[in-house]
Amino acid sequence: MSNKKTKIVVIDDHQLFREGVKRILDFEPTFEVVAEGDDGEEALAIVETNNPDVVIMDINMPNVNGVEATKQLVEANPQTKVIILSIHDDENYVTHALKTGARGYLLKEMDADTLIEAVKVVAEGGSYLHPKVTHNLVNEYRRLAISGTAPKGQVAAIEIRRPLHILTRRECEVLQMLADGKSNRGIGEGLFISEKTVKNHVSNILQKMSVNDRTQAVVVAIKNGWVEVR
């Protein structure tokens, strides 16, 4: 097993919040915060100097905001993995951030487990959306589907057909809870199983559905009418 640590840069103009994020990350032995900054304008220089695996970027900052800074970072280095931090759960903010190259989108109301999980997923090449954001996007997708304004060929079936041809019943339950916007801890509490068992179920779901991350799994499930939007 590799002992290589995930190098992280934190960019946020609120020092107290930034310090809180750093303290959470420092509790994870496989993480190392190598630098920090308080302005999107200096993010590019910080990243070039420190070559981090993951950049955690506040969306609202003076001079250059997080989305514009992400765009610059990704254009300069397409392999840069950025997680946006935001107070906004509106799908317009989320889609704009993702279009500029962000790999993750977290709300500042996140708990420590969600932050750590997001960094691990993004560092491994996946994408991660805050569970509440995922739920909002799913609701918006279903609203468009029902109204007939979703893109042609992407209207999810209203009748729910569980994918028992590829997933076990327990995996179907976990997939539904992913669509409900539950974190791994929330799924574990709801099904009375450990977080480790939840992670194993999620890994199996991703492999069987041939997707890279939980967000893609939810999108595919919605398109195929495999989950309810509640």
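For the range 168-173, the Karplus equation 6.51 cos²θ - 1.76 cosθ + 1.60, evaluated at θ = phi - 60°, returns couplings of 6, 4, 5, 5, 5, 5 Hz by residue, with Gly and Pro reported as x. Shape verdict for the range 7-63, please, from the Cα gyration tensor: rounded (a/c under 1.5), prolate (a/b greater than b/c) or oblate. Because a/c hits 1.5 or more and a/b fails to exceed b/c, the range 7-63 counts as oblate. Pairs exceeding a 30 Å alpha-carbon distance, out of K5/K199; K5/K223; K196/K223: K5/K223. About its Cα centre, the chain has a charge dipole of approximately 1340 debye under the convention of +1 per Lys or Arg Cβ and -1 per Asp or Glu Cβ, with nothing else charged. Between K208 and R23, the contour length at 0.36 nm per residue exceeds the Cα-Cα span by 63.0 nm. Residues in the range 65-75 carry Karplus couplings, in order, of 6, x, 5, 5, 4, 4, 4, 5, 4, 5, 5 Hz; the curve used is 6.51 cos²θ - 1.76 cosθ + 1.60 with θ = phi - 60°, and Gly or Pro positions show x.
Which shape class, rounded, prolate or oblate, goes with the range 34-81 when its Cα gyration tensor gives a ≥ b ≥ c as root eigenvalues, a/c under 1.5 marks rounded, and past that a/b bigger than b/c marks prolate? Oblate is the answer for the range 34-81, as a/c is 1.5 or above yet b/c matches or exceeds a/b.
Keeping the other protein chains in place, figure out the carbon and sulfur percent of the accessible area of the range 1-108, with a 1.4 Å probe. Can you show the working numbers first?
Details: 2660 of 5520 Å².
Accessible surface attributable to carbon and sulfur in the range 1-108 totals 48 percent.
Residues whose amide H comes within less than 5 Å of that of D53, counting only those at least five positions distant or on another chain, are K7, I8 (H built at 1.01 Å from N in the peptide plane). Accessible surface ranking for D113, D38, 1.4 angstrom probe, highest first: D38, D113. Between the amide H of D39 and those of D12, distances stay under 5 Å, these residues lying 5 or more places away or on another chain, with hydrogens modeled in the peptide plane.
With contributions of -39500 (n - 2.57) from each DSSP H run of at least four residues, the per-residue ellipticity at 222 nm computed over the chain stands at -15500 deg cm²/dmol. Using the average count of surrounding beta-carbon atoms within 10 Å as a protection proxy, the listed peptides 54-65, 181-192 rank, highest first, as 54-65, 181-192. Each other residue within a Cβ distance under 14 Å of I87 adds +1 if Lys or Arg and -1 if Asp or Glu, for a net charge of -4.
Take the solvent-accessible surface of the protein heavy atoms, probe 1.4 Å, and return the percent of it on the range 170-230 that carbon and sulfur atoms account for.
The value for the range 170-230 is 46 percent carbon and sulfur by accessible area.
Roll a 1.4 Å probe over the protein chains and send me the accessible area per residue for the range 55-140 in Å². With all protein chains present, the range 55-140 gives 40 Å² per residue. Measuring r between the beta carbons of T30 and N63 and using R0 = 35 Å, the FRET efficiency lands at 0.60.
The values are calculated or read from the model by the stated rules, or taken from the named source; none is laboratory data. Remember, it's a predicted structure, so these values are computed and weren't measured experimentally. Ideal geometry is used to build each Cβ from the backbone, glycine not excepted, and the neighbour counts take in all protein chains shown. Remember, those area values only see protein heavy atoms, side chains included, never the ligands or the DNA or RNA. Shrake-Rupley method; radii C 1.70, N 1.55, O 1.52, S 1.80 Å.
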